[in-house]
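Worksheet: one structure, shown below.
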């Protein structure tokens, strides 16, 4: 941040801006090396068409936008670091003058010289220092060196010694000012003889002539010449002196001169002089920057003044600060901390109360007199000043009340009262003092004290007998006959801590400690002003009424102005407008002039004519960075995409007043509603993908609207692998790769499932075969029993036949047991042979019959082996064998959906009776056969998917058929083939 100084090291000091005969203190900013300036010695300043201020120094040039300096040296293209002059032409080029006489300028964001710009090459011509430059109507430039030679430059080529026939000088160009325009503010003469010898003009010794019609305008429009401490207006016809330094007490040689509206600035090797309203006839010069070598003065397009110095950097006086005047300990006061201020309307003198018990009186001639009033310990600030009766000024400090005789200037103590907070005078002249926990009334040589239970902070006197007291616990009302009490005990708003009171036309205005301002009528709050309604701050420190409908509210963040008639907030005045500080202690108005006491000095100005700077700042682009490279700013940026390359745009705003309050907005979407607000001057985009973008950037400053947007079009070109066709190929290859991988995975899954299914099927087959093999020993055991029975009965022939048939049956059974499925035809043949053997065994005690559905003969049907045989065996052995007489066995087969329906029907003794006759052993055998069949059906279901079922029906118990025997139904999963 730039350092700030209050420059007004001259006396006498004027206090009222309205009086043009007096000088004024100016609020001046200083910029130096610590702020980024290239060097503390600055030779010259110039402003380009964009608005940048350029400074020439011994170590390069500095470009300034109000906040940041950008420095250029030989590394950036300067022909020499020691730049002694600057000039800005109409093509927005800034030319740099050095002792080597070589041409160089800044344009299009970089420094041009003979090495990087062939149009600037002058061959081997030896040049001396270039002194002056002029521009013709065709924008051609004429550089004049010390030898009277001219270098002409038209943007395409540079020509040395444009006019070879005769040497020329600056007067040739000045005389032909209708053709040539000088690019510098003034010209210094070595002697007056130059005017007489080298020109045909008439040297007029008549001074000034400012009253002549058109003369002032002539001075503004034509070249100004200086010689020693004099200034001249030059034309082809005559030379007229319009300024003589001796008349203003300026004896030094003029080193720089600047015309600023009606004001005149004079720079010398010893100081800076400011003559306010010089062109209106003012005769008084203010000496500023004492003991500073002023090298140049620049009045920029906004009215700001720039002063360059030899060894002390650059000073800047903002345009609006010419409307303000300042008074502090640098130009008349004993202290910069001001607590109170009043103007004495009788003699025009000004009284300023400070800390340390110091009171300053400044008369209309600028003479300052100091009064040391309060020497008590602790706080002893002068906090109250007011005219009292006809000859006195009433002065209050923290601990005493004084009367100052206006004529004799003698001070006498009126009353010692500790911890004074506020003083008011009644219409009849009584003095009421709010101090500590009491209200003190002074009048007619008497003192009356009203004790309070709370701290008294403020007092107001609507009449001689009534009063309001503002306390730390709310608003109290009382009179000389009634003790103070809360004004409205039911309204919590009036129980806030109160700082000041002001009675205005029947209304009481209440300033609170942290709740803003109340307007109270008939002890009721009618309106409240807070920061939500744009009050400068909710913390009120002082109220001041100017008697003309305006209430000034002193806060810790500036001054708020309220119209008491319309009860509306008019405006706020803060340090951004030009106040020395936002910590406001007291306010006083004197006609059009408003005086404001702050913690940093006294500020006074015309309250109705403060300039409102509402023009948005000029925004510019400084650099574009992409990846590891930086590029000059341009409206169109095209670049090949860089992976993980960060894109940055660096920009700034030209704002010489309040640069820290500048803020920016940008959007990249093109949607003007999607603005992003920032205080940073760098916008980063970490990974900007290929595409077409438009970046809009705009800026605003204090009280201004958003300015026009600066547009940057960006085209990030994709790499080959980011092209649509490359991406399509990559996507296609990716999809193909995914499909291949998925196919591989699916095949592996299917193969695994197939192996698992085959494994489970094989296990199931083995289990089925194992169960089948469990039945074979049972059948063999029973058959051998039958053979044994025949042998015992001595039926050898029949036994031999049985064994032969049994061997055939065993061979067939062994073949079937190795298969998971056999054809139904083979199964029926097997069962038929088995039944024949059983008939032999039981001496033909039963007959059997197969009933096969015709539909079964149309297909080749496969069923698991050894499922039906155990059922037949149980029917013969346990149903028909125990029956008295012959029996009958019927085997029915048919298709039922995808199952083979097989019913084994016998007319034996029945299921229940058979169970009753069985031995434990037989029960075990039967249970084993039945359980094996059920388990086989379950296993067959597990790998074939069909559901088999075994059902046993006792016909006698169920009442079906003849009522005798057992019906066993088994539904067997099959494999059907044509």
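Values quoted throughout were computed directly from the atomic coordinates according to the rules given, and no laboratory measurement underlies them. Everything numeric here is computed off the predicted structure, so don't read it as measured data. Note that we place each Cβ from the backbone using ideal geometry, even for glycine, and neighbour counts take in every protein chain shown.
Over all directions, the projected convex hull of the C-alpha atoms in the range 270-345 averages 7.6 nm² in area.
Run the numbers on the chain and let me know its relative contact order in percent, using alpha-carbon pairs under 8 Å that are six or more apart. The partial results should precede the final answer.
Details: 2170 pairs, mean separation 57.0, N = 978.
Relative contact order, the chain: 6 percent.
Counting neighbouring beta carbons within 10 Å and listing from fewest to most, the residues 159, 338 come out as 159, 338. Report note on the peptides 60-66, 796-802, 302-308: ranked by the mean count of other C-beta atoms within 10 Å, highest first, their order is 60-66, 302-308, 796-802. Each residue, residue 565 and residue 524, gets one label point 7 Å from its Cα in the Cβ direction; the gap between the two is 2.6 nm. The average projected area of the range 589-672, computed from the convex hull of its Cα atoms over all directions, is 9.9 nm². From least to most packed, judged by other beta carbons within 10 angstrom and beginning with the fewest, 850, 96, 143, 69 follow the order 850, 69, 143, 96.
Using a Debye calculation, one point per C-alpha and no hydration shell, please list log10 I(q)/I(0) for the range 618-722 at q = 0.13 Å⁻¹ in order. With no solvent term, the Cα-only Debye profile gives -0.48. Inter-label distance, residue 915 to residue 99: 13.4 nm, where each label sits 7 Å from its Cα along the C-beta direction.
Estimated from the Cβ-Cβ distance and a Förster radius of 56 angstrom, the FRET efficiency linking residue 154 and residue 330 is about 0.60.
Label sites at residue 531 and residue 650, each approximated as a point 7 angstrom past Cα along Cα to Cβ, lie 3.6 nm apart.
If you fit an axis through the alpha-carbon atoms of helix 824-841 and take the longest principal axis of the Cα set of the chain, what angle between them do you get, 0 to 90°, nearest 10? Here the helix axis deviates by roughly 40 degrees.
Taking every DSSP beta bridge with both residues inside the chain, roughly what % is antiparallel (nearest 5)? Before the final figure, lay out the partial values.
Details: 237 of 254 bridges.
Among the beta bridges of the chain, antiparallel pairing accounts for roughly 95 percent.
Residues within the reach of a label modelled at residue 128 (point 7 angstrom out along Cα to beta-carbon, backbone nitrogen below 19 Å), restricted to the range 63-94, are 84-85.
The orientation-averaged projected area of the convex hull spanned by the Cα atoms of the chain comes to 80.4 nm². Calculated FRET efficiency, residue 888 to residue 784, Cβ-Cβ distance, R0 = 22 Å: about 0.25 to the nearest 0.05. Could you tell me how many degrees, from 0 to 90 and to the nearest 10, lie between the Cα long axis of helix 796-817 and the main elongation axis, the longest principal axis, of the Cα atoms of the chain? For helix 796-817, the angle is close to 10 degrees. A protection proxy built from the mean count of other Cβ atoms within 10 Å ranks the segments 583-591, 368-376, most packed first, as 583-591, 368-376.
What order do you get for 619-625, 228-234 when each peptide is scored by the mean count of other beta carbon atoms within 10 Å, highest first? Before the final figure, lay out the partial values.
Numbers: 619-625: 18.1, 228-234: 20.4.
In decreasing order of mean packing, 619-625, 228-234 become 228-234, 619-625.
Working from Cα pairs under 8 Å separated by at least six residues, relative contact order for the range 260-352 is 15 percent. Here's the picture: a label point sits 7 Å out from the Cα of residue 661 along the beta-carbon direction, and within the range 61-89 the residues with their amide nitrogen under 19 Å of it are 65-68. Applying 1/(1 + (r/R0)^6) with r as the Cβ-Cβ distance of residue 843 and residue 729 and R0 = 60 angstrom yields a FRET efficiency of 0.10.
When you restrict to C-alpha pairs under 8 Å that are six or more residues apart and normalise by the size of the range 23-153, the relative contact order lands at 14 percent.
What is the angle, in °, between the Cα long axis of helix 724-792 and the longest principal axis of the Cα atoms in the chain? Nearest 10 is fine, range 0 to 90. It works out to around 20 degrees.
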